[in-house]
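In what follows, a single structure is set out as structure tokens and then discussed.
The values are calculated or read from the model by the stated rules, or taken from the named source; none is laboratory data. The structure presented is a predicted model; accordingly, all values stated were derived computationally and were not measured. Glycine also receives a Cβ, built like all others from the backbone with ideal geometry; neighbour counts cover every protein chain displayed.
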């Protein structure tokens, strides 16, 4: 078992819930941005090699957003489940401490042990037997709680691992270098108005995911 009782004491279901809420918001933003990318109006009138290259790159970006949405949604769901499970474990631990305390038994959080009272020697044989039995039961209960905590921790850790390549909005953003040939396609030059509409729309979508994003200029291949 990896987690100790002390680790369980430190666990914060509120913090886990906050991670879930942030992940849910990120999933929603990615979903909305991906949908808007698929519906860009610039491609209705923009023609040529530049339009073809930009459309292909936009489709790739939309796919990346869809995959990021799936990963973030999975984390949000796992975090919500984990937060509830952590609350249950902590509640059960509190109740166990209270029950054991009635027999003078304490919980050594660092050692994850049920500790009998120091005055056992002065107890009657019957009471010593009762306290010993309760200490054993208490230890078994502590071990089960730790196993449950380890399982929750493992499930959450697995959910946190991206199922797809990490999505980086800035590196995925359309740049001239990423287009076929590594340069500025003729379509960008010949259709500068439509290109401008495309970059403006794409920048607006991108800013739903990032608070700041460097602008890209159609006439500046270096971007």
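Taking segment 99-109, which residues are part of a loop (DSSP other than H, G, I, E, B) and surrounded by 11 or more Cβ atoms within 10 Å (Cβ to Cβ)? Matches in segment 99-109: 103, 104, 105, 109. Give just the number: which of (1) closer than 24 Å to residue 97 by Cβ; (2) loosely packed, with under 13 Cβ neighbours inside 10 Å; (3) modelled with pLDDT of 90 or more does residue 124 not satisfy? Answer for residue 124: the failing condition is (1).
Can you tell me which residue is surrounded by the fewest Cβ atoms within 10 Å (Cβ to Cβ) among those in segment 1-37 that are part of a loop (DSSP other than H, G, I, E, B) and at pLDDT 90 or above? Ranking the candidates gives 12 first. Is there any pair linking a residue in segment 151-169 that is at negative phi and surrounded by 13 or more Cβ atoms within 10 Å (Cβ to Cβ) to one that is part of a loop (DSSP other than H, G, I, E, B) and at pLDDT 85 or above, with Cβ under 7 Å and at least six apart or on different chains, and which? Going by the 7 Å Cβ cut-off, the qualifying pairs are 153/3.
For segment 93-125, residues that are in contact with a helix residue (DSSP H, G or I) (Cβ under 6 Å, 6 or more places away or on another chain) and touching a residue at least 24 places away in the same chain (Cβ under 8 Å) total 10.
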